[in-house]
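One structure below.
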């Protein structure tokens, strides 16, 4: 720098001194800049370390997503609502018709072949397929083993006869020659003790009973008895059982005492008013007293009676005497005796008689 000529140097500062001051000042400025820079870097490093420690000790923080307000997005838009209706620019897809199948009707099982039903034929000519009770014991007979010999039905197992032929008789057979009956192949007889009038309700002893049981016993036939009941109370049933027990007296019978109640054809019976439950209770009352007296017990009836008129699930303690005038019985449940012919004929009886087959030898039971 050039000093003006009129400059009056009253400070006694020579050019050399001024130059030295300028150099020192510049040096100091550089030092200050470096010191300030270093201090700022130290602060930043310290801040970074502190932040790292905080981040290391803190739980992860989910990033905060700031969603812009809808009004802020729309407020600056110049679009109109109709500008947003752009779907019409694309052709509409034609939906292919979905094939529909007509619902298939569930085919009902044929009750005659499904093995779950049995046919009941009513006295009035009607018929009904009734569901078989799965809890009642079923019979296990193989009816291909039935053989009819001289009009008498017999059952064979492994070539050996395991059945017994019998008849049931009452005053309607009139006089019976029991000796001829036995020679004809009859092995047991079921003799009617008596009955209760279905109209009057009076107890009646079969007028042939005493003679029949005496002569059948003398002929060496196995003997069972039955009583035709028209009891409408349990007390009446017990009265009937008492009559049977007293009538048997000292006679030894080996076959059962059977309870017999049925619908009366072409007339009104006093038992018509009874319910199924009442009929069941009456049968149970009669058979219970008979069993208590030490006799074998049995309940007689046709398929309609045994399935529809009484509840056999409450009478399983008693054997069944099935009445069915058929070549082969189709009663599904367990039975011990089968009355298979209502118009049988046998030597020793003048008219028709009911023929029976017993699958049990009660004389040894």
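Under the condition of being assigned to a loop (DSSP other than H, G, I, E, B) and modelled with pLDDT of 95 or more, which residue from segment 252-268 is farthest from residue 189 (Cα to Cα)? Spell out how you get there, then give the answer.
Applying the first criterion (assigned to a loop (DSSP other than H, G, I, E, B)) to segment 252-268 yields 252-256, 261-268.
With modelled with pLDDT of 95 or more added as a condition, the list becomes 253-256, 261.
Working: 253: 10, 254: 10, 255: 9, 256: 11, 261: 19 Å.
Of everything passing the filter in segment 252-268, 261 is farthest from residue 189 (Cα to Cα).
Each row is one residue, and each column tells you yes or no for (1) surrounded by fewer than 19 Cβ atoms within 10 Å (Cβ to Cβ); (2) out of contact with any helix residue (DSSP H, G or I) (no Cβ under 6 Å at 6 or more places or on another chain); (3) free of Cβ contacts under 8 Å to residues at least 12 places away in the same chain; (4) under 15 Å from residue 258 (Cβ atoms).
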residue: 326; (1), (2), (3), (4): yes, yes, no, no
residue: 331; (1), (2), (3), (4): no, no, no, no
residue: 349; (1), (2), (3), (4): no, no, no, no
residue: 354; (1), (2), (3), (4): no, yes, no, yes
residue: 363; (1), (2), (3), (4): yes, yes, no, no
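Residues are listed down the side, and each one gets a yes or a no for (1) part of a strand (DSSP E or B); (2) at pLDDT 95 or above; (3) in contact with a strand residue (DSSP E or B) (Cβ under 8 Å, 6 or more places away or on another chain); (4) within 19 Å of residue 339 (Cβ to Cβ):
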position	(1), (2), (3), (4)
148	yes, no, yes, yes
155	yes, yes, yes, yes
165	yes, yes, yes, yes
179	no, yes, no, no
182	no, yes, no, no
191	yes, yes, yes, yes
194	yes, yes, yes, no
201	no, yes, no, no
204	yes, yes, yes, no
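When you look at residue 302, is it under 30 Å from residue 275 (Cβ atoms) and at pLDDT 95 or above, yes or no? Walk me through it before giving the result.
Numbers: under 30 Å from residue 275 (Cβ atoms): yes; at pLDDT 95 or above: yes.
Answer is yes for this residue.
Scanning segment 221-251 for residues that are in contact with a helix residue (DSSP H, G or I) (Cβ under 8 Å, 6 or more places away or on another chain) and assigned to a loop (DSSP other than H, G, I, E, B), which turns out farthest from residue 200 (Cα to Cα)?
221
The values are calculated or read from the model by the stated rules, or taken from the named source; none is laboratory data. Since the model is a prediction, treat every value here as computed from it, not as a measurement. Quick reminder, even Gly has a Cβ in these numbers, built from the backbone with ideal geometry, and neighbours come from all protein chains shown.
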